[in-house]
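Here the structure is laid out as structure tokens; the discussion comes afterwards.
Every number here is computed from the coordinates shown, using simple stated rules; none is lab data. The model shown is predicted, which means the values in this text are computed figures rather than measured ones. When we count neighbours, we look across all protein chains shown, and the Cβ atoms used for this are built from the backbone with ideal geometry, even at glycine.
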Amino acid sequence: MKIATIFGTRPEIIKLSTLIPQLDKEFDQVLIHTGQHYSYKMDKIFFEELRLRDCDYTLNIGSGTHAQQTGKMLMELEKVLLYENPDMVIVQGDTNSTLAGALTASKLQIPVAHVEAGCRSFDRRMPEEINRILVDNISEYLFAPDENSYKNLTCLECFPPEKVYLVGNTSVDACMRAKQLFNQETLNYYSLEKGKYILFTLHRQENTNIEGLKEIINALNEISKQIKVLFPAHLRTRKVIEENNIKIEDNIILTDPLGYKDFMGLLTNSKFVMTDSGGIQEEAAVLNVPCLILRDNTEWMYYVEIGKNLLLGTHFDKIVEIVNNLLENDEKVTEIEKIEIPINQGATELIVAILKKQEIK
């Protein structure tokens, strides 16, 4: 069976990093990179650090509005899929690359398998939520990462149960594999000590408009009066900061995006992480690092419901209040760390096993 795996962003590369080598072993796999993320620090470095082979196609789509980016992807992906004629297309997550890959395949009558299906924030203002819903509705194989996602698909949205598979989370597999890659020397490079700094990331569209970003950065500046903050800035976020001369206090270490080894090491050793990233919410839970989410909702509500992750929102007063409360009460951080979550590895193997059964049919 020939499988085309389509992706385009840093999170997709990470979450597919254990699946890609296994698919190569079992199938004739074509790797297609849309080029949605295209800089070395947001892309190529992850192939190197995660020891992934080169892509068969790199489309170099680049940035643009959602319509521009998705439209370009559709046109270029159609050419590749018509030429390669795969038996199945695999997409992951909720990006524009995910949507374009699924749409192109669906129009060509190629079955789609969606890894990380069923995740819902129930906020349709988020472009990622629209992508998730659309991709699930045109996929033949829905690989749900957890019970909540499985129930969203089978109970709330009434997908046929035979199309939905509860397989677990490939992010867990990737995270556990990456433990051997952790780079502790990065702490010394930034003059940081274990447990004495916060890791901070921000990249979502709704948080990087000028007013929203100012509100969150002002809160971060206030928090930095108590503790060091390491802020690896997404390229879009950095651009808004620089173009609008948003002040960053001296106790905030602003850096370029980090490679996977460095980031995972810094996440592991942080007191806690503040982020609007879905992937980091998962990684923090697996690594037992408290995660404070700079959003009003999340597609990973399970971790919030059990108290492992906290929803901060995006307003100055609430962010500062919750974070300062944690900084002043180490026992609260310890309580969060003591909350156990099921760490179930094996999603990668289960997905491959399911696909092999389809091959036999």
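Is the shape of the stretch 17-176 best called rounded, prolate or oblate, per the rule: a/c under 1.5 gives rounded, else a/b larger than b/c gives prolate, else oblate, with a ≥ b ≥ c the square roots of the Cα gyration tensor eigenvalues? Walk me through the numbers on the way to the answer.
Numbers: a/c = 1.40, a/b = 1.26, b/c = 1.11.
It is rounded, given that a/c, with a ≥ b ≥ c, falls under 1.5.
Angle of helix 96-107 to the longest C-alpha principal axis of the chain, folded into 0 to 90 degrees and rounded to 10: 10°.
Summary of the geometry: the stretch 78-137 and the stretch 298-361, compared by the centres of their Cα atoms, lie 24 Å apart.
State, to one decimal in nm², a quarter of the convex hull surface area for the C-alpha atoms of the chain, i.e. the direction-averaged projected area.
Numbers: hull surface 67.1 nm².
It is 16.8 nm².
Using bins 10 angstrom wide from zero, how does P(r) for the stretch 1-107 break down, in % of all Cα pairs? It works out to 15, 53, 30, 2, in whole percents. Spread over its residues, the convex hull of the C-alpha atoms of the stretch 1-60 is 65 Å³ per residue.
Could you tell me which of the pairs LYS15/LYS228; LYS44/LYS151; LYS72/LYS247; LYS194/LYS261 are separated by over 27 angstrom between their Cα atoms in the structure shown?
Pairs exceeding 27 Å: LYS15/LYS228; LYS44/LYS151; LYS72/LYS247.
Taking the longest Cα principal axis of the chain as reference, the axis of helix 316-328 is set at about 70 degrees. Rounded, prolate or oblate: which fits the stretch 263-361, taking a ≥ b ≥ c as square roots of the Cα gyration tensor eigenvalues, rounded meaning a/c under 1.5, else prolate when a/b beats b/c? The shape class here is prolate. Of the trypsin sites (Lys or Arg not before Pro) in the stretch 76-154, the ones in a loop by DSSP (not H, G, I, E or B) with at most 11 other beta carbons within 10 Å are ARG124, ARG125. For the chain, the relative contact order works out to 16 percent when only alpha carbon pairs closer than 8 Å and six or more residues apart are counted.
Relative contact order of the stretch 72-202: what whole-number percent is it, with Cα pairs under 8 angstrom and at least 6 residues apart? RCO, the stretch 72-202: 18 percent. Which whole number in µm²/s is D for the stretch 133-258 by Stokes-Einstein, with the Kirkwood Rh taken over Cα pairs at 25 °C and 0.890 mPa s? Result for D is 137 µm²/s.
In this entry, the stretch 180-338 is assigned a mean projected area of 8.6 nm², taken as a quarter of its C-alpha convex hull surface.
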